[in-house]
Structure formats: structure tokens, C-alpha cells
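Here is the structure we will look at.
The values are calculated or read from the model by the stated rules, or taken from the named source; none is laboratory data. Fair warning: this is a prediction, and the values are worked out from it, not measured in the lab. All Cβ positions, glycine included, derive from the backbone under ideal geometry; neighbour counts span all protein chains shown.
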């Protein structure tokens, strides 16, 4: 067996991020999706662009909270936030806000590679030992860590159902830079097409 | 249909006429401003509110959180409210954000979400550090509030009197929710009155 540099750095274990995200979004039905900036947005775009996707390209820390506002405005729909460990770390306080708000229709997926992938693969807090699932649970947001395709499939089904409160799933993935799949960067376009698919007026 | 929680409640009711909202002018009783502003916002179909508390906003916060047709969120830091308001608008709901001037400093990068996406944004900011201020730590951000908002692309309106404030909230609500603008109404510390220590 060949030991690679990645093995030594602990970068090789975990799920394939593209496969995991594509599996979560398979047969997505009427899910409304908000993505954090960087690789999670590319993963969601690679799984298939959709009018009900809103991709952030900045405003780091916003994704889960944008999901909260959307979930509160549309309690009849299930909202899925797909973001990364670095993005969620910048919005840790938001988990407290989401816990207190108690939306029954908000799920947060944290694609956790333990690194800041966009900026040179520096280790993030999760790569250095912080457990976002435990932080989430301590705030009062139900959380689980997903490590296998079986875990992903069980959650894929659960995402279609309302729950007692907000949920967070940490998906442990390999730290690797996969080819970029770039979503549109025009935020007004993304906003307008998202609202249009909900039947809302465009200014 | 409702999001239930201690403070998170969403109702389907459209804007209903609320006491105070129909008033076109305020008398010398400037203490009435929270009721008048609440009424103006509810009549503009604002059904969603987020806040970091400030003493100057306490009555307005009480009015919103007691309203079963309004979803209210208490925040850990002000920038959360920028993202929440954007999400609410994506889903078709008008949101207002209440904070103190010190909180504006926490919001700067997050405001790029509102400005680049042209998300409607209405912030009501109570000023500190500018009039009979006892706490010197409030002064730097009080001085920087308006320039910082202007620099990131948020329009500011500054209310010196209760009547100013009521007029400006009505104007700002139209510009935000009808014209996709980002507007902060700054409520002067002189109008709010001297804080008791």
C-alpha cells in the first residue's frame, strides 16, 4: 500500500463531496436550497442548477441564517442549507438564533472537510478537533454526523419531512479540490428567479 | 402554517390596520413614537422582525414580539439580521431589523449581501455616542455609523424628532420594499433622551 502525502495529512478519509451532495439532492421535490460560498455552492451546482437554488458568493456566515428567514417566510416548504465547515464556523452564533427560533422546516448540511478549501487548504477548527455537531446540539439544534452512503440516504428521506425543530447534519468528506462547477454570480438574477419560482412578484 | 416558538410566530394575516399607524402627525408627546412606528410598519405589511436589543428600542421590540402575526427573532449579533431579512424576502416576507449604532459595525461585510442582491433592507438604528453620552466606548462607532453605512452602499436618513422618524420610516419602507433599496433610519440620541446611570 502506497502512503501518500494526503494520507499523512489526514486528507483522504471521508465521503466524496460531489457524490454526497448529489445523493442528498436526488429527486429533490420542492426543497428550497441556499448554499454557502465556495465549494458547497459548486457541489450543489454540479448536482444540477435549479431555480429554487440561491447561491451565496460572499457574506460568509450568512447561509444558515438566510435559510432561517426563508423557512419562517415559507413554513409550508422545506428549506435546505448546504454550506461548509468554514462558513458555518463564521456563523456559529447563528446556531443559537436558529435554535431559539425553532423552525420545523429548516435543515442545515455542513460539508466538513476540516479545511479552508478555497484558500489553500489550511486546517479549519473542525480539522483541528472542533465538533460542529456537538456545538449545534449544545445550542439546541438536533445534529448528527454522516459518514457513509447509507447515512446520506437516510437523511435524504428525512429532509422531505417536517421535524420537531431545526436539524443539522455534518457530512464528513475528503479534503480535496474537485473541478469547480460555477453557479451564476449575478445575485439579482438569482433572487429574481428564486422568487419567480415561488410565484412572487419581481420588482 | 405557523412557526411556533417563544418568539417565532408567523401568521398568514395580511397587514391589518394597527393603532397608531393611521396617524399622520405626532404631537409634542414624542414618547408615542414606538407605537406610531410600529403601526406604520405593520400597515406596510411588515410581518417579520429581528433585533439586538437597545434601551431605545425596548418599547418597539415589545410591540412586535407581542404581535401574533409577526415573526420575531432575537439575534446574537446584528449581522445575522441582514441574512435573515434576505431569506425572508426570498420567501416573500417583509422584515425589519432593529439595532443600536454599535451593531452597525458588526454588519459591514454582511451588508454586501443586501447591496449586491438588491434585497430590500430596512434598519432602524438607535444612536449612541453622540449626545450626553456617558460611556466613551460608544463614541468611536457612533461617529463611524453613518460613514460606514454610506461606504457600503446603504442609504441613511437621520431623525432628530419623533415626527421626522415617523415620516422617514414611511418613506424608507416604500424605498426598501417597493424599490429594492437598503435604508437605515438613524434615530438621534438627543431624541431618545439622556440615559440614566
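Points to keep in mind about this one:
- Taken together, A:46, A:63, A:96 contain a single residue that is surrounded by 24 or more Cβ atoms within 10 Å (Cβ to Cβ) and either in contact (Cβ under 8 Å) with a residue 40 or more places away in the chain or within 12 Å of chain B (Cβ to nearest Cβ) (or both), which is A:63.
- Enumeration of residues in segment A:102-124 that are out of contact with any helix residue (DSSP H, G or I) (no Cβ under 6 Å at 6 or more places or on another chain) and either outside any helix (DSSP H, G or I) or at pLDDT 95 or above (or both): A:102, A:104, A:107, A:109, A:113, A:114, A:115, A:120, A:121, A:122, A:123
- Residues being closer than 24 Å to residue A:161 by Cβ and either at the interface with another protein chain (Cβ under 10 Å from one of its Cβ atoms) or in contact (Cβ under 8 Å) with a residue 60 or more places away in the chain (or both) - total across segment A:66-93: 17
- Qualifying residue in segment B:16-34 (condition: surrounded by fewer than 20 Cβ atoms within 10 Å (Cβ to Cβ), within 14 Å of chain A (Cβ to nearest Cβ), in a helix (DSSP H, G or I) and at pLDDT 60 or above): no
- Of all residues making up segment B:132-143, the number that are in contact (Cβ under 8 Å) with a residue 40 or more places away in the chain and assigned to a helix (DSSP H, G or I): 2
- For segment A:54-80, a residue qualifies if it is in a loop (DSSP other than H, G, I, E, B) and more than 13 Å from residue A:108 (Cβ to Cβ), and the qualifying residues are A:56, A:57, A:58, A:59, A:60, A:74, A:75, A:76, A:77.
- Within segment A:139-154, none of the residues are free of Cβ contacts under 8 Å to residues at least 24 places away in the same chain and touching a strand residue (DSSP E or B) at 6+ places or on another chain (Cβ under 6 Å).
- Note on segment B:94-120: residues that are farther than 20 Å from residue B:37 by Cα, away from chain A (no Cβ under 14 Å) and within 13 Å of the chain's Cα centre (by Cα) amount to 1.
- Residue that is surrounded by 24 or more Cβ atoms within 10 Å (Cβ to Cβ) and closer than 28 Å to residue B:97 by Cα, where the choices are A:84, A:140: A:84
- All of (1) at negative phi; (2) more than 7 Å from chain B (Cβ to nearest Cβ); (3) surrounded by fewer than 22 Cβ atoms within 10 Å (Cβ to Cβ) hold for residue A:29 with one exception: (1).
- Residue count for segment A:179-199, restricted to those that are surrounded by 15 or more Cβ atoms within 10 Å (Cβ to Cβ) and either facing chain B (nearest Cβ under 10 Å) or within 17 Å of residue A:39 (Cβ to Cβ) (or both): 9
- Test for residue B:145: is it closer than 16 Å to residue B:183 by Cβ and either over 14 Å from the mean Cα position of the chain (by Cα) or within 7 Å of chain A (Cβ to nearest Cβ) (or both): yes
- Yes/no for residue A:165 being surrounded by 14 or more Cβ atoms within 10 Å (Cβ to Cβ) and in a helix (DSSP H, G or I): no
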